[in-house]
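Report on one structure; see the data block that follows.
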Amino acid sequence: MAKLPTQEWMRDALKAEGLKLKDVAEALGVAPPRVSDILKGSREVQADEVMPLSELLGMSPQSLLRSLALGERTLVPGTGTTSLPILGQLAGDGTLTDLPADLGFDTVPCPPDVSRSDGLYCYMLADGSMAREIRAGSLVIAADPKLHYAAIAPGAILLVKTAEGTRLLRQYVRTDAGEDWLVPLPETPNPAYASLRLSLLPGGLGPRTEGGTLRAEDIVGVVLWVHSRIGQKA
């Protein structure tokens, strides 16, 4: 019997989604050590585990199966699922919490104008950090610019990953002095919502500042679709 490849790439993929091994174990209905066995290459992913695992990782089943076969994250072009998991409620300080108990659903349809669900991330906005553009309770879908056509330009709302591993929604603005910033958009100033410097120099040239300047590789997605929660006032 051929030796199974290790699946250490899955740790990074889970971290990118803000998930832990125990979250995988709960989704698959197995004990946490069984998930560790998958990563070590001593246990195969079972047929009934492919769909829930692909949803957790934000991948199509085809991409997941190819990745498992090769032992490294691999995206299969032109594949996707018909729905996206809502990954939780994302606050302006990067806190990720569970969806409201009364929501009644935990997935949304894929946007009709995309050919693949890989590289799409859906969150519910938990607070007023982006209220001047996106109301609390709205669903936002961000597209990874490496996999989808998504322009990174001033005015765009970006999903970025900080050095601490948290994710933030911020609007990209350029000052008159030519500086690039990622800023929150609350109705009133709130010290909990930090502005961040952004450097788009090729290859991330220049050192990261003490304040934590973000680079192009820290941009996880560009928000392209926003859906207000049913019952919200326009």
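The values are calculated or read from the model by the stated rules, or taken from the named source; none is laboratory data. Bear in mind the structure is a predicted one, so any value in this text is a computation, not a measurement. No Cβ is skipped: glycine too gets one built from the backbone with ideal geometry, and neighbour counts run over all protein chains shown.
Condition (residue is in a helix (DSSP H, G or I), modelled with pLDDT of 90 or more and either buried (at least 19 other Cβ atoms within 10 Å of the Cβ) or of a type outside the set (Val, Ile, Thr) (or both)) applied to region 39-47: is it met by at least one residue? Don't jump to the end; show me each part of the working.
Taking region 39-47 and keeping what is in a helix (DSSP H, G or I), we get 39-40, 47.
Pick out the ones that are also modelled with pLDDT of 90 or more and you get 39-40.
This time we only want the ones that are either buried (at least 19 other Cβ atoms within 10 Å of the Cβ) or of a type outside the set (Val, Ile, Thr) (or both), so: 39-40.
Checking region 39-47: at least one residue is in a helix (DSSP H, G or I), modelled with pLDDT of 90 or more and either buried (at least 19 other Cβ atoms within 10 Å of the Cβ) or of a type outside the set (Val, Ile, Thr) (or both).
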### Query
Does SER129 qualify as being among the hydroxyl-bearing types (Ser, Thr, Tyr), assigned by TED's automatic domain parsing to the domain that holds LEU182 and at pLDDT 95 or above?
yes
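Show me the strands (runs of 3 or more DSSP E) found entirely inside region 93-176 where at least 1 residues are in contact with a Pro (Cβ under 6 Å, 6 or more places away or on another chain) and free of Cβ contacts under 8 Å to residues at least 24 places away in the same chain.
Numbers: elements: 107-109, 120-125, 139-143, 157-161, 167-174.
It comes to 167-174.
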### Query
What number of residues within region 5-35 satisfy the criterion of being farther than 16 Å from THR74 by Cβ, touching a Gly at 6+ places or on another chain (Cβ under 9 Å) and exposed (fewer than 15 other Cβ atoms within 10 Å of the Cβ)?
1
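Regarding LEU158, is this residue surrounded by 15 or more Cβ atoms within 10 Å (Cβ to Cβ), under 23 Å from VAL24 (Cα atoms) and aliphatic (A, V, I, L, M)?
Working: surrounded by 15 or more Cβ atoms within 10 Å (Cβ to Cβ): yes; under 23 Å from VAL24 (Cα atoms): no; aliphatic (A, V, I, L, M): yes.
The answer is no for LEU158.
Filter region 177-193 for residues that are within 19 Å of ILE219 (Cα to Cα) and touching a residue at least 40 places away in the same chain (Cβ under 8 Å) and give the result. Quick ask: steps written out before the conclusion?
Residues of region 177-193 within 19 Å of ILE219 (Cα to Cα): 179-185, 193.
Selection gives PRO184, LEU185, TYR193.
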